[in-house]
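J.: Please find one structure pasted underneath; my questions will follow.
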Amino acid sequence: GVTANTYGRGSGGPAEQDRVKGAGLGWLREEFNEPPNAATDFVIAEAARRGLRVLPLLQTGSTLPGDVNAYAAMVAAHVRRYGPAGQFWAERPELNAALAPEYFEIYNEPYGDWYGPVEPGRYAHVLRAAVTRGREANPAARYLMAVDRTPGGARKTWIGDLYAAEPNLNAYFDAVAVHPYAVGRAPDQPDDPADQRRP
């Protein structure tokens, strides 16, 4: 798959999806920053028409949500509409409902200071609230938690800090999203703890 973000391309999205399909890829990772609407419907429908699967990345822009309950409601709305046996698929019987997203990613790299202060406890709270509401809305949906694999630097305690904030963390994710950047070295070279640059 590919992080195409065809959602942000508006009417140009289908052409971008055609390029993805033409490259032999089968998945799109799409960033959705708002509740389901005509634009998100358009992206999911166009992907389904091309036989592409979508991994929705759900977040609220450039910061962790100020209102955790509002974010959890947004997650619930997405999984209710687009998840397995969701409303979207019932409204569009011509589309292959087997392409309904099963997994939903809860934020992109919240362990980075590009969101402001790194707050693993806050992310753990966001994850718990979002997944709890999401499972109520659609029990068939699954959730990806963001995990940082950086071996050193200020983010090295991310995973431990998540569990310190939420000891029952395992109950609130089904898989993890890891971004294994090479950071200036070949992918088969070992990690260099001294290299903490963000790619």
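J.: Please report the relative contact order for the chain, taking Cα pairs under 8 Å with a sequence separation of at least 6, and give it as a percent rounded to a whole number. Could the numbers behind the result be given before it?
T.: Details: 333 pairs, mean separation 33.7, N = 199.
17 percent.
J.: Separate question: When ligands, DNA and RNA are left out and all protein chains stay put, how many square angstrom of accessible area per residue does the stretch 39-174 have with a 1.4 Å probe? List each step's numbers first, then the result.
T.: Numbers: 5560 Å² over 136 residues.
That works out to 41 Å² per residue.
J.: For a Förster distance of 35 Å, can you work out the FRET efficiency between the beta-carbons of E119 and R49, rounded to the nearest 0.05?
T.: Numbers: r = 40 Å, r/R0 = 1.14.
The calculated FRET efficiency here is 0.30.
J.: Further question on the same structure: Expressed as a rounded percentage, what relative contact order does the stretch 1-114 have, with Cα pairs under 8 Å and six or more residues apart?
T.: On the way: 164 pairs, mean separation 28.2, N = 114.
Computed over the stretch 1-114, the figure is 25 percent.
J.: P(r) of the chain in 10 Å steps, Cα pairs, percent per bin?
T.: Final binned percentages: 9, 33, 34, 20, 4, 0.
J.: Would you work out what percent of the accessible area of the chain, with all protein chains in place, is carbon or sulfur (probe 1.4 Å)? Don't skip to the end; give the middle numbers.
T.: Working: 4920 of 9490 Å².
It is 52 percent, rounded to a whole number.
J.: Oh, and also: Wrap a convex hull around the Cα atoms of the stretch 29-124, take a quarter of its surface area, and give that in square nanometres.
T.: On the way: hull surface 24.4 nm².
Mean projected area for the stretch 29-124: 6.1 nm², to one decimal.
J.: Determine the calculated [θ] at 222 nm for the chain from helices alone, applying -39500 (n - 2.57) to every DSSP H run no shorter than 4 residues and normalising by the residue count; nearest 500 deg cm²/dmol.
T.: Values: 6 runs with 68 residues, N = 199.
Here the helix-only value at 222 nm equals -10500 deg cm²/dmol.
J.: Rank by packing, highest mean first: peptides 66-76, 6-16, 138-148, with packing defined as the count of other Cβ atoms within 10 Å averaged across residues. Present the calculation step by step, with values, prior to reporting the outcome.
T.: Details: 66-76: 17.3, 6-16: 15.4, 138-148: 19.4.
Result, highest mean Cβ count within 10 Å first: 138-148, 66-76, 6-16.
J.: How large is the dipole of the stretch 1-158 about the Cα centre if only Lys and Arg carry +1 and Asp and Glu carry -1, each at its Cβ, rounded to the nearest 20 debye? Working shown, then result.
T.: Details: 18 positive and 17 negative charges, 75 e Å.
The dipole of the stretch 1-158 has a size of about 360 debye.
J.: How long are the semi-axes of the equivalent ellipsoid of the stretch 95-146, defined as square roots of 5 times the Cα gyration tensor eigenvalues? Whole Å, largest first.
T.: For the stretch 95-146, the semi-axes come out at 26, 13, 6 Å.
The values are calculated or read from the model by the stated rules, or taken from the named source; none is laboratory data. If you're wondering where the values come from, they're calculated on a predicted model, not measured in any experiment. Every residue, glycine as well, gets a Cβ built from its backbone with ideal geometry; the counts of neighbours run over all protein chains shown. When the accessible area is computed, the model is the full protein with side chains, heavy atoms only, and any ligands, DNA or RNA have been set aside. Shrake-Rupley method; radii C 1.70, N 1.55, O 1.52, S 1.80 Å.
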